[in-house]
Amino acid sequence: MELFADIIIDISHSKLDQTFQYRIPERLQGILEPGNVVEIPFGRGDRLTKGYVLRITEYASCPLDKMKSIETVVTDLAGADSKLTALALWMRDYYGCTTVQALRTVLPFRQKASVKKKRTVVLRLPAGEAQQRLEWFRSRHQAARARLLEALLEEPALPYEVVTGSLKITAPVLRAMEEQGILSCESQHVYRTPAVLCSLREEEENRAEQLSGTPGGLEPEGFGRTDGFVLNEEQQFIVDEVRQDWQRIGFAQYLIHGVTGSGKTAVYMELIALALARGEQAILLIPEISLTYQNVLRFYHRFGDRISILHSRLSPAERYDQFERARSGDIDVMIGPRSALFTPFQKLGIIIIDEEHETSYKSEAVPRYHARETAKKRAMLEGARLVLGSATPSLEAYYEAENGRCRLFTLQKRAAGGTLPRVCTVDMRTELREGNRSILSRSLSEKIGERLERGEQAMLFLNRRGYSGFVSCRSCGHVMKCPHCDVSLSLHRNRRLVCHYCGYEEPAAEKCPECGSPFIGGFRAGTQQIEEIVRHAFPEAGILRMDADTTKGKDGHAEILRAFGRHEADILVGTQMIVKGHDFPGVTLVGILAADLSLNVSDYQASERTFQLLTQAAGRAGRGERPGEVVIQTYDPEHYAIVSAADQDYLSFYAREMSYRRLAGYPPAGDMMAIHLASENQDQLELAAGYLAKFVRQLAQRRNAAVIGPADEAVARINDVYRKAMYLKHADFRVLTAIKNIVEQYIEINSGFKEILISFERR
């Protein structure tokens, strides 16, 4: 029986999102699978080009006399590329994007950069014979050749730049001597090294020098604390259980729910060591670039040059080289944000997602994939282990564990001893009534002064998420909310309050409808203003600010964190990036300013995000020998998210939040899909959204699915592109996927949607 393969051309050579059908030769039948990388004749002259097998079928789509055959399977790429291609095809179907969009996301290492080479001139003759040649060149007055051979007798391998520069040897002379067998010009691929790794290597060299001069070989205090770290009973239990599970071949999933400071990183290192001992590789995902330095420092001390990193500030050439190192087996561990998930390891054994609850694991570009879901699929394809870790797990991850689809481990005590910080809340409504209009409460100001007197450090976290998106009363804390969706209304420039879920509108309030206070509006303070206020209040204090403006440089995050870690400043002011995973033993006070900002954004996940942010922020205090304290400033101290965060009680929050999700049918109790529409033509967008909504409602009605919208996105226009969204809800995501597939076909056959950018997102 004759078989055919639908193939998409290598994305580095073609922008076409279409397949081409090829015959499968008899010798490849039974061997070829979807996801395989193949070489095929393509274009003029039938030049061999790489392609990806998407589907194998018995049916020909064109006349057989015009169909070409697959030349061969690319065996050297099959291990990594085939599985990654299969992952891309899953993403295409699951997230609703084109094949090319999925492949460009999953196979970024194919976007090649220039290769950096190190060239060396090497002597090929024995010393005696080379000396004879040298005398002969001198007797013939061939000065250049004699000069080069004399140098090679002293140093048998010389950098090409030295030979052509300092020795002034021309290319024709080199070619002639190479043809005579006297020398050879060799080149070696030199991988570009990210700056963070260069800094760590320098630190390791300095560390080795200090160790060599230390009596008895003892390490200086503070160096390599993770090198000799002994796991406690809770940590060792997790490692032992996973080790036992590892004896069974196949996919396994775990969730480590550990309080802040419980030593999840030490567990990660032991699990990675297990993988490496089995000849497998590991991927560690971290949520932010700001975490890179501290994470890499610990792992570099443990695994040395077998690790590498990825982050968004690497140059394309640096990024390409890290993927090439992984493909060639030069490294075993990759650390980075969500894009590191697609590292082309040949034998992936474990994927670890640290702080798995973080929103940065969700892509905002098409395909709108989530690293947690995509990592699970890749682990299944690879037969690898997936480990999720967080002090505040996402509701989705904990729901999986609660329903037996993921094994749950808990770490209930801090690894270094110590206790969780003492947390108090300050009602900013009371502060206003008693005459304090400052962003700093009297209690927080007093505690900052105490820390400065004792030589301790403080962190001030400004919760800016959605900082001007909602309107609230500073007198009573009332928030203007949608009467239909139970999310906050957003203030637009036309002084209208808008719900971005259902489109409800009302005029902006001049007075609070609850208490009549004129102090109603959006929050306007930023980190720069906070820094100025703190500097004025505490002129003797050293202050660092960490936000998007101060971290624009390539290593801006690392420089600020290192300076604060060396106690070059007393107070660190910043946004979310300062509270995610950092470990500063000198910090004994954390002040959380405007805790309500993330609580009132137009998102059903607002309470969850707030609880996570506040708990993570609180966890930065008291990680050393001295006890920590946290001050949460809020206009809504009775809200269950703030109460649970102050108590650091995840289970209480989870139970309360899940009860609301079940009532409203929101994930993870139900499933939800968003359809995003965008166009430069606002009228065309309105028209297209109306037609699409009508069609979607007809489909949804037959399947008992709910449709919300269409309405403007939270940011309705970006770079003169107008944006709308509608949402579908159903208990079973397969129903939503079926609707999506029909909608995609409807969009494809209707020319009116050609000027509209439409994408899908699983919420």
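The values are calculated or read from the model by the stated rules, or taken from the named source; none is laboratory data. Quantities reported herein were computed from a predicted structural model and do not represent experimental measurements. Glycine also receives a Cβ, built like all others from the backbone with ideal geometry; neighbour counts cover every protein chain displayed. Remember, those area values only see protein heavy atoms, side chains included, never the ligands or the DNA or RNA. Shrake-Rupley method; radii C 1.70, N 1.55, O 1.52, S 1.80 Å.
A few notes on this one:
- Region 659-728 shape via C-alpha gyration tensor axes, a/c threshold 1.5: oblate
- Using θ = phi - 60° and Karplus 6.51 cos²θ - 1.76 cosθ + 1.60, couplings along region 750-763 (whole Hz; Gly, Pro as x): 10, 5, x, 8, 5, 8, 10, 7, 10, 9, 10, 8, 7, 8
- Normalised by the number of residues in the chain, the average gap of Cα pairs under 8 Å and 6 or more apart makes the relative contact order 11 percent.
- Positive-pole candidate from 742, 142, 237, dipole of the chain, charges at beta carbon: 742
- Applying a DSSP loop filter and a limit of 10 other Cβ atoms within 10 Å to the GluC sites (Glu not before Pro) in region 668-747 leaves nothing.
- Dividing the summed helix terms, -39500 (n - 2.57) for each DSSP H run of n ≥ 4, by the number of residues in the chain produces a 222 nm estimate of -11000 deg cm²/dmol to the nearest 500.
- Square roots of 5 times each gyration tensor eigenvalue, C-alpha, region 579-709, largest first, Å: 40, 18, 12
- When both bridge partners sit in the chain, DSSP labels roughly 55% of those beta bridges antiparallel.
- Volume per residue of the C-alpha convex hull in region 375-425, rounded to whole Å³: 120 Å³
- Along region 393-399 the Karplus relation, 6.51 cos²θ - 1.76 cosθ + 1.60 evaluated at θ = phi - 60°, assigns HN-Hα couplings of x, 4, 4, 5, 5, 5, 4 Hz to successive residues, with x for each Gly and Pro.
- Cα centroid separation, region 682-749 to region 567-603 (Å): 38 Å
- Computed with the Debye formula from one identical point scatterer per Cα of region 631-763, without solvent, the log10 of I(q)/I(0) at q = 0.16 Å⁻¹ comes to -0.85.
- Point-charge dipole on Cβ atoms (K/R +1, D/E -1) for the chain, about Cα centre, debye to 20: 1380 debye
- Ranked from largest, the principal axis spans of the Cα set of the chain equal 104, 80, 53 Å.
- Since only 379, 550, 48 are under comparison, the one whose Cα sits farthest along the positive direction of the charge dipole of the chain, derived from C-beta charges on Lys, Arg, Asp and Glu, is 48.
- Per-residue 3J(HN,Hα) values for region 535-543, derived from phi via the Karplus relation 6.51 cos²θ - 1.76 cosθ + 1.60 with θ = phi - 60°, read 5, 5, 6, 10, x, 7, 8, x, 10 Hz in sequence order (x marks Gly and Pro).
- Sulfur and carbon atoms: percent of accessible area, region 627-763 [1.4 Å]: 48 percent
- Packing-based order for 639-648, 47-56, using average beta carbon neighbours within 10 Å, highest first: 639-648, 47-56
- Contour minus Cα-Cα distance for residue 26 and residue 443 (0.36 nm per residue): 142.2 nm
- 1.4 Å probe accessible area per residue over the chain, in Å²: 44 Å²
- Stokes-Einstein diffusion coefficient of region 260-409, Kirkwood radius over Cα pairs, 25 °C, 0.890 mPa s, in µm²/s: 158 µm²/s
- Global form of region 507-649, assessed from the alpha-carbon gyration tensor, a/c cut-off 1.5: prolate
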